[in-house]
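To start, the structure itself, in structure tokens.
The values are calculated or read from the model by the stated rules, or taken from the named source; none is laboratory data. Please read these numbers as outputs of a predicted model, since none were measured by experiment. Backbone-built Cβ (ideal geometry, glycine too); neighbour counts: all protein chains shown. The protein model used for the area step is the full one, side chains on, heavy atoms only, and it has no ligands, DNA or RNA in it. Shrake-Rupley method; radii C 1.70, N 1.55, O 1.52, S 1.80 Å.
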Amino acid sequence: MDDYRKDDMMDRNSIKNTGILEQYLLGELSEDQCIKIENMLNEDEELREYFNKIEDDFEKLAFENAIAPPPEIKVSLMDTIENANALEDKKTIPINNKNKTRIYLNIAASIAVLCMLGSGWLYMQWQDSKKNLEIVENETSNLQNRITILEENLNEISTWYGAINNPNTIQLVLKGNEISPSSNAITYVNHNEKIVILNPEGLAKLKDDETYQMWADVDGEMIDMGIIPRDKKMIAMKYIDDASSINITIEPAGGNDHPTVERLISNVLL
């Protein structure tokens, strides 16, 4: 024992404080150092009890920080341990304290691997949950947008319905002439509230570089009431005071400052 202490070894308190027992437990010492530690543990009961406590603390720490992995990982690990046990059973060499310690370390290492795998699995689960949440949020946002659009359409329809059913509103039909015989449109005019509403669905389809435009005839002068959109079922047009008739012409895309009279397709007297 005295020779051992003279040969780069320390007393009991020094060994406890320097962490050499922890290094021994983790397999970080050389073979000669391990033999000396084992001899000292066999000779010093108090030091051996201290070492046993460190072993117990390591084991508790491993289990306290363990994260439950997916079932398939547990099955794979148990198969590995069973195979290792079967291999050990075939050996006739007894297991000394050093081998026993290494077995504990292997188990602790396996638990650590499980912890890492479990953490990775939980991270993947968290990422999947995050993606699913984003999908739900996007779908909710899209649904809210659709609801908003439906509400706007409903309000618009209610407005049109109220306007065209007003007792002071008159309904006029603009039929197509020989230039566009298949065309027809319906306009609703309320002189009291100065409102003009047009339903252009019956107008024939035009080329991409053409558009329909509405005009009001006031004392022989054609005043622009607005371009007629292609994709509207109902559209509010400009109300022009003292108009004697409403007219529709075919104009270049974007509209015109003055009507192309030779392309007048329909008109109706007020």
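Among residues that are of a type outside the set (D, E, K, R), free of Cβ contacts under 8 Å to residues at least 24 places away in the same chain and open to solvent by 80 Å² or more (accessible area, probe 1.4 Å), N155 is included. The lone criterion from (1) open to solvent by less than 60 Å² (accessible area, probe 1.4 Å); (2) over 21 Å from I179 (Cβ atoms); (3) hydrophobic (A, V, I, L, M, F, W, C) left unmet by L270 is number (1). Which residues, counting only those in segment 226-259, are β-branched (V, I, T) and open to solvent by 30 Å² or more (accessible area, probe 1.4 Å)? I227, I235, I240 - these are the residues of segment 226-259 that are β-branched (V, I, T) and open to solvent by 30 Å² or more (accessible area, probe 1.4 Å).
Among the criteria (1) crowded, with 19+ Cβ neighbours inside 10 Å; (2) touching a helix residue (DSSP H, G or I) at 6+ places or on another chain (Cβ under 6 Å), the one P200 does not fulfil is (2).
Can you tell me which residue among W121, W160 is modelled with pLDDT under 95, aromatic (F, W, Y) and open to solvent by 60 Å² or more (accessible area, probe 1.4 Å)? First the steps, then the outcome.
Values: W160 fails: open to solvent by 60 Å² or more (accessible area, probe 1.4 Å).
The match here is W121.
When segment 25-58 is filtered for residues that are open to solvent by 50 Å² or more (accessible area, probe 1.4 Å), in a loop (DSSP other than H, G, I, E, B) and not polar (S, T, N, Q), the ones remaining, listed by number, are L26, G27, E28.
Please count how many residues of segment 151-210 are in a loop (DSSP other than H, G, I, E, B), within 28 Å of I250 (Cα to Cα) and not hydroxyl-bearing (S, T, Y).
If we filter segment 151-210 for residues that are in a loop (DSSP other than H, G, I, E, B), which is where we start, we get 165-169, 176-183, 191-194, 200-209.
Then drop every residue that is not within 28 Å of I250 (Cα to Cα), which leaves 169, 176-183, 191, 194, 200-209.
Adding the requirement that they be not hydroxyl-bearing (S, T, Y) leaves 176-179, 181, 191, 194, 200-209.
Qualifying residue count, segment 151-210: 17.
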